[in-house]
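Structure first, then comments.
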Amino acid sequence: MQRRNFLKMTGLVTSASVAAPQILFAQKPKKVLVLGAGLAGLTAAYKLKQSGIEAIILEAQNRIGGRVFTHTIDTENNLTVELGAEWVGESHTKLKNYCAEFGLKLLNHQFDTALILDGKYSPVNAWQLDKKWDETYQKILKDFLKLSPKQQKELDKIDWWRYLKKMGINDRDLEIMELQHSTDYGESIRFVSAYSALAEYSQSSPKDEMDYKIEGGNSQIVKAFTQKIGEENIKLGHWVSAIDQTGAQVRVTCKNGSTWEADKVICTLPVNALLDINFLPTLPDTKIEALESLIYARIIKTSILFKERFWGNEGMDILTDGVGQYYFHPTKNQPGTKGCLTSYAIGDKAYVISKMDNEHKISVLCETLEPAFGKVNHLAEKVVSYYWGEDKFSKGAYAVYMLNQSFELKKLIAKPFKNVFFAGEHVADWQGFMEGAIETGEAAVEAILS
Ligand SMILES: Cc1cc2nc3c(=O)[nH]c(=O)nc-3n(C[C@H](O)[C@H](O)[C@H](O)COP(=O)(O)OP(=O)(O)OC[C@H]3O[C@@H](n4cnc5c(N)ncnc54)[C@H](O)[C@@H]3O)c2cc1C
């Protein structure tokens, strides 16, 4: 069963299906304002244009793409790293279809995991979870799909860490799974519900949707959307501060003093940015409460450019109990002698790394790798990192639905408010993914047109 259908069955539906009945007889709008030029906003504007509707995107930053953010770390050899979204998943059909439509090539970006735990290095294939526990775990994943919606809802009341413990995992494997799964959520699995984890892992591709990357960097899809939409229709440096729905049209005001009017608005802003908008009339209390209860993950990605690829295996990643947490080779499939390793750290570890200067980052992140490769600091040439916990707009990498939040909360957050429709990864079935942003951008347009 597709994850999307599965989530639909369990009651999680996107804004479009929530909205449709209310606007069944609405006239096709002439003009729509789209707030935010991330993948949700770009998809929405593209779909609107295809439907013959004027769409203008208002974007606060002077950069298009939001949390899709490719950085060229080595201009000489054209080596790129991703500061935000990294992997395109095997199951991410919409994203893959757009790549095909725009002629973008997907490169294999799968890795085989080594382990550094308690100062001991275990190369790829030289470690595994306890065999008996692994069998139990596979059965848990299978059985989840057979549970009734009521039984699944019950699993939203217990956290993933406690649930695994209850199911008999040993301490070592629990530590490994915490390290592994917390990178997916961006916070400890003690904050994540068992329902949320099981809905994810029971239907993910074998590599947990860490399958591909777009050739030339994921920002290539942002470029392609921009070309289709027309750069002149994306207004950079337009930081939206107010949305007024008291007149016949929706009136949007930006901090630069400009005002814009349209029949409808599609708002793709992350929750922390959305809460700063002055709505007139104000958003319903229930919606504000829902928005205020959603937390965002703290993730820092730190990429170090090394003079040589001392790790040998191009498809190598390492899970560690060090502060750098999870390391992978982002320049896989990018030829050259030089290469990068990216550390992907979450929660408090991310915050701690964000406070270090570059020299300190190299020293600490290389030290963790010593059991595997010895001292490698001297090979480091450059470091670049981005801490999403302090991103001016999202204040986090992506939303984390915590205990008891998987069912009703998302519906409340996604519910349209008069002529404003909400989209963005935080309201998606594929929440936390580029696929989710795309899915909700399309859904918002469908809702407006239905
Ligand atoms: C570290 C990290 C790792 C990730 N890894 C993956 C991965 O491997 N695979 C994957 O599929 N996904 C991944 N994601 C998630 C993916 O990046 C997001 O789900 C997706 O890009 C979100 O798109 P969006 O359009 O919903 O939001 P955004 O991209 O955040 O777009 C919102 C836009 O709104 C703008 N904005 C904010 N406030 C205002 C305002 N007041 N006025 C005007 N504009 C405003 C912002 O500047 C931004 O451009 C990752 C994200 C991060 C941060």
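The values are calculated or read from the model by the stated rules, or taken from the named source; none is laboratory data. Computed from a predicted structure; not experimentally measured. Quick reminder, even Gly has a Cβ in these numbers, built from the backbone with ideal geometry, and neighbours come from all protein chains shown. Surface accessibility is based on the protein's heavy atoms, side chains included, excluding ligands, DNA and RNA. Shrake-Rupley method; radii C 1.70, N 1.55, O 1.52, S 1.80 Å.
Quick notes on this one:
- Pro371, sole failed condition from (1) farther than 26 Å from His71 by Cβ; (2) in contact with a helix residue (DSSP H, G or I) (Cβ under 9 Å, 6 or more places away or on another chain); (3) open to solvent by 20 Å² or more (accessible area, probe 1.4 Å): (2)
- Among all residues of region 290-312, there is at least one that is modelled with pLDDT under 95 and surrounded by fewer than 20 Cβ atoms within 10 Å (Cβ to Cβ).
- Residue, nearest to the ligand (Cβ to nearest atom), within region 376-405, restricted to residues that are open to solvent by 10 Å² or more (accessible area, probe 1.4 Å), of a type in the set (A, V, I, L, M) and outside any loop (DSSP other than H, G, I, E, B): Val384
- Strands (runs of 3 or more DSSP E) within region 28-85 that include 2 or more residues closer than 19 Å to Lys264 by Cβ: 31-35, 54-58
- Scanning region 153-181 for residues that are farther than 30 Å from Leu409 by Cα and in contact with a helix residue (DSSP H, G or I) (Cβ under 8 Å, 6 or more places away or on another chain) returns Gly168, Ile169, Asn170, Asp173.
- Qualifying residue in region 268-283 (condition: polar (S, T, N, Q), in contact (Cβ under 8 Å) with a residue 60 or more places away in the chain, outside any loop (DSSP other than H, G, I, E, B) and near the ligand (Cβ under 10 Å from one of its atoms)): yes
- The residue that is farthest from the ligand (Cβ to nearest atom), among those in region 284-303 that are hydrophobic (A, V, I, L, M, F, W, C) and touching a residue at least 24 places away in the same chain (Cβ under 8 Å), is Ala290.
- Output for region 44-89, where each listed residue is surrounded by 16 or more Cβ atoms within 10 Å (Cβ to Cβ) and among the small types (Gly, Ala, Ser): Ala44, Ala45, Ala55, Ala60, Gly65, Gly66, Gly84, Ala85, Gly89
- Residue match in region 48-58 (condition: within 15 Å of Gly441 (Cα to Cα) and either out of contact with any strand residue (DSSP E or B) (no Cβ under 8 Å at 6 or more places or on another chain) or modelled with pLDDT under 95 (or both)): yes
- Of the residues making up region 216-253, those that are under 19 Å from Gly65 (Cα atoms) and of a type outside the set (Lys, Arg) number 22.
- Pairs with Cβ under 8 Å, 6+ apart, first in region 229-244 and in a loop (DSSP other than H, G, I, E, B), second small (Gly, Ala, Ser) and open to solvent by 10 Å² or more (accessible area, probe 1.4 Å): Gly237/Ala60; His238/Ala60; His238/Ser258; Trp239/Ala60
Yes or no, residue by residue, for (1) part of a helix (DSSP H, G or I); (2) small (Gly, Ala, Ser):
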| residue | (1), (2) |
| --- | --- |
| Ile288 | yes, no |
| Ile300 | no, no |
| Trp311 | no, no |
| Glu314 | no, no |
| Leu319 | no, no |
| Gly322 | no, yes |
| Gly336 | no, yes |
| Tyr351 | yes, no |
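- Residue satisfying condition, being at pLDDT 95 or above, under 22 Å from Glu200 (Cα atoms) and open to solvent by 20 Å² or more (accessible area, probe 1.4 Å), within set Asp134, Asp118: Asp134
- Residue satisfying condition, being among the aromatic types (Phe, Trp, Tyr) and either within 13 Å of the ligand (Cβ to nearest atom) or under 22 Å from Gly38 (Cβ atoms) (or both), within set Phe328, Phe306: Phe328
- Candidates in region 410-450 are the residues that are at positive phi and within 13 Å of the ligand (Cβ to nearest atom); of these, the one that is surrounded by the fewest Cβ atoms within 10 Å (Cβ to Cβ) is Gly432.
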